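Report on the structure given below.
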């Protein structure tokens with residue numbers, strides 16, 4: 001269990017608080033808000049446990065202790081030190097799971113910030129769907145990115161904030177500490193960054209218990225009020241609870257409370273004198289320009305008459321030439337118009353593949369569900385199925401199979417260059433030479449089978465010509481379990 005001394009932390013320039021909410025009976029959140037060393041540097045973190053009544057709290061507590069242990073003083077390399085703390089916490093959570101089968105599904109998500117007040121800078125590390133915001137001059141900027149499918153849709157503008165808050169998959173995450181060893185091999189697994197932290201700036205770290213209940217405008221309205229940090233944090237948590245309080249709510253605020261500098265731009269005395277003198281000179285220049293314009297105007301009128309005659313003669317010549325060419329071609333063709341060429345090699349597609357392609361083309365949402373009752377037999381493809389949407393999640397229910405016609409050797413699925421994120425779930429590909437042909441697209445597979453396919457996935461990349469290119473092509477890693485887990489909403493009732 002999380003001890004009570006972690007439920008509140010405050011000073012002149014930081015405050016943290018966590019609340020169970022209105023629905024849960026336990027709190028899987030924890031946080032850090034404290035000065036480190038003797039410097040004016042604040043370590044802040046919000047940690048949200050995943051994995052049920054016991055597991056979430058245990059994972060969050062492990063990460064909490066690791067973060068404090070590895071950031072006792074301001075490090076010389078803040079970002080690498082913070083990332084190392086995340087990796088160590090992930091390993092310790094994994095080790096704890098290995099020794100206790102009751103905790104085998106536990107993990108946690110976390111956002112950490114290191115605010116160096118003296119040097120007006122902050123650093124951050126982040127994994128999951130906890131969030132980091134920066135308030136500056138009355139504007140709220142979301143710094144971290146949600147590591148989830150719905151979060152990606154919202155961050156990229158494909159889903160409105162209101163739609164994301166009410167999306168049925170809003171609590172599904174694809175990154176967490178203690179969930180996969182990819183954190184040790186993939187440098188992009190942990191999101192890190194740094195930014196100026198100016199006098200008057202305010203950092204907000206929070207769990208999704210706040211952002212699922214209170215939208216950006218609601219958060220901004222509270223942060224912009226003339227309140228203490230404690231009053232702002234209390235008001236944010238109260239707003240989440242008043243809107244339902246479906247999850248634990250945790251808020252940490254860090255302020256650069258140094259006096260703001262208000263520079264005023266004034267014109268130097270020498271420039272003021274120059275401005276007076278230049279006004280007199282400008283009046284004289286304007287008179288000279290007016291005289292020159294009148295002289296040029298009379299010359300241009302004469303030139304314009306000559307130019308107009310030249311243009312008319314030229315148009316007449318072009319008309320005569322065009323008429324001559326038309327008469328000549330008419331005589332050569334016997335007066336018959338040429339018939340348009342027709343494509344006699346177009347493939348005839350069967351009803352099932354036409355229905356499937358039409359369903360893909362007509363779909364306007366983000367998740368297309370295909371049921372085997374609509375496609376009772378394997379869908380036989382005589383041509384490639386094309387996906388051109390920017391973002392699409394195709395989820396099949398039941399036994400959904402794609403296989404090629406006996407004479408077809410092309411790809412089963414192909415993504416257009418406009419497609420950015422494609423997710424396929426529960427689909428079987430049988431007997432394709434190339435099952436999926438992708439370009440510069442992000443492709444995610446969930447429980448997809450490739451049976452007797454020579455190339456399951458074939459990728460092509462469009463690179464600029466005549467330029468020096470430095471790029472790392474990602475290594476595909478296979479997982480025996482899904483990489484998306486749903487955060488538990490279970491209550492203690494004597495059973496898991």
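The values are calculated or read from the model by the stated rules, or taken from the named source; none is laboratory data. Everything numeric in this text was worked out from a predicted model, so none of it was measured. With ideal geometry, Cβ positions are generated from the backbone for all residues, glycine too; neighbour counts draw on all protein chains shown.
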Mind checking whether some residue in segment 91-101 is over 27 Å from residue 224 (Cβ atoms), assigned to a loop (DSSP other than H, G, I, E, B) and either touching a strand residue (DSSP E or B) at 6+ places or on another chain (Cβ under 8 Å) or without any contact (Cβ under 8 Å) to a residue 40 or more places away in the chain (or both)? yes
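Would you confirm whether any residue within segment 405-419 is within 28 Å of residue 180 (Cα to Cα), at pLDDT below 85 and assigned to a loop (DSSP other than H, G, I, E, B)? Break it down stepwise before answering.
Step one: filter segment 405-419 for residues within 28 Å of residue 180 (Cα to Cα), giving 419.
Those left that are additionally at pLDDT below 85: 419.
Narrowing the set further to residues that are assigned to a loop (DSSP other than H, G, I, E, B) leaves 419.
Within segment 405-419, one or more residues are within 28 Å of residue 180 (Cα to Cα), at pLDDT below 85 and assigned to a loop (DSSP other than H, G, I, E, B).
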For segment 39-57, the count of residues that are farther than 30 Å from residue 118 by Cβ and surrounded by fewer than 24 Cβ atoms within 10 Å (Cβ to Cβ) equals 4
Going by the conditions given, is residue 26 surrounded by fewer than 22 Cβ atoms within 10 Å (Cβ to Cβ) and under 19 Å from residue 251 (Cβ atoms)? yes
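Got a sec? Which of 100, 65, 12 is out of contact with any helix residue (DSSP H, G or I) (no Cβ under 7 Å at 6 or more places or on another chain), at pLDDT 95 or above, in the same structural domain as residue 228 (by TED's automatic domain parsing) and surrounded by fewer than 22 Cβ atoms within 10 Å (Cβ to Cβ)? Can you show your working first?
Details: 100 fails: at pLDDT 95 or above; 12 fails: at pLDDT 95 or above.
It is 65.
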Return the pair list, or none, for Cβ contacts closer than 6 Å from residues in segment 372-399 that are outside the structural domain of residue 436 (by TED's automatic domain parsing) to residues that are assigned to a strand (DSSP E or B) and at pLDDT below 85, at least 6 apart or on different chains. none
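Are any residues in segment 136-155 more than 12 Å from the chain's Cα centre (by Cα) and assigned to a strand (DSSP E or B), and if so, which ones? Can you show your working first?
Taking segment 136-155 and keeping what is more than 12 Å from the chain's Cα centre (by Cα), we get 136-141.
Matches in segment 136-155: 136, 139, 140, 141.
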On the given criteria, is residue 370 modelled with pLDDT of 90 or more and crowded, with 18+ Cβ neighbours inside 10 Å? no
Every listed condition ((1) more than 20 Å from residue 48 (Cα to Cα); (2) outside any loop (DSSP other than H, G, I, E, B); (3) touching a residue at least 60 places away in the same chain (Cβ under 8 Å)) holds for residue 133 save (1)
Does residue 125 count as within 19 Å of residue 14 (Cβ to Cβ), in contact with a helix residue (DSSP H, G or I) (Cβ under 9 Å, 6 or more places away or on another chain) and crowded, with 22+ Cβ neighbours inside 10 Å? yes
Which members of segment 42-53 meet the condition of being over 16 Å from residue 179 (Cα atoms) and either at pLDDT below 95 or in contact with a helix residue (DSSP H, G or I) (Cβ under 6 Å, 6 or more places away or on another chain) (or both)? 45, 53
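Go through the residues of segment 438-448 one by one and say whether even a single one is assigned to a loop (DSSP other than H, G, I, E, B), on the phi < 0 side of the Ramachandran plot and modelled with pLDDT of 90 or more.
First, pick out the residues of segment 438-448 that are assigned to a loop (DSSP other than H, G, I, E, B): 439-441, 447-448.
Remaining after also requiring on the phi < 0 side of the Ramachandran plot: 439-441, 448.
Subset that is modelled with pLDDT of 90 or more: 448.
So far as segment 438-448 goes, yes, one or more of its residues are assigned to a loop (DSSP other than H, G, I, E, B), on the phi < 0 side of the Ramachandran plot and modelled with pLDDT of 90 or more.
Please report, ordered by residue number, the strands (runs of 3 or more DSSP E) entirely within segment 162-259 with at least 2 residues that are under 20 Å from the mean Cα position of the chain (by Cα).
On the way: elements: 191-196, 202-206, 249-255.
Output list reads 191-196, 202-206.
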